[in-house]
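The values are calculated or read from the model by the stated rules, or taken from the named source; none is laboratory data. Here the structure is a predicted model, which is why all the values come from computation and not from measurement. All Cβ positions, even for glycine, are placed from backbone atoms using ideal geometry, and neighbour counts span all protein chains on display. In case anyone asks, the SASA skips ligands and DNA or RNA and just uses the protein heavy atoms, side chains included. Shrake-Rupley method; radii C 1.70, N 1.55, O 1.52, S 1.80 Å.
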Amino acid sequence: MYLSDTIAAVATPVGEGGIAVIRISGPDSMQILASLFRRKNDGDFLSHRFYYGEIISPASKERVQRGN
């Protein structure tokens, strides 16, 4: 792994729960986030923030999962 890599990982413990936090970082993270996540409110994504919205399929733009 290099500092120029973009990485993503689940940041919550394994098991059943009400929410899951996914952490993404690296130079392509904002582009990837914009292709997979639709915010409830319009606006730019800012680093180190939580957003409420939906996980979407990049191909169909259909909702896959509602998320925080």
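Things worth noting here:
- Some residue of the stretch 20-31 being in contact with a strand residue (DSSP E or B) (Cβ under 8 Å, 6 or more places away or on another chain), modelled with pLDDT of 85 or more and open to solvent by 70 Å² or more (accessible area, probe 1.4 Å): yes
- Any hit, the stretch 36-48, residues being touching a Lys or Arg at 6+ places or on another chain (Cβ under 9 Å), of a type in the set (Lys, Arg) and open to solvent by 60 Å² or more (accessible area, probe 1.4 Å): yes
- Residue selected from the stretch 29-68 under the condition part of a strand (DSSP E or B) and β-branched (Val, Ile, Thr), by the criterion farthest from ILE7 (Cα to Cα): VAL64
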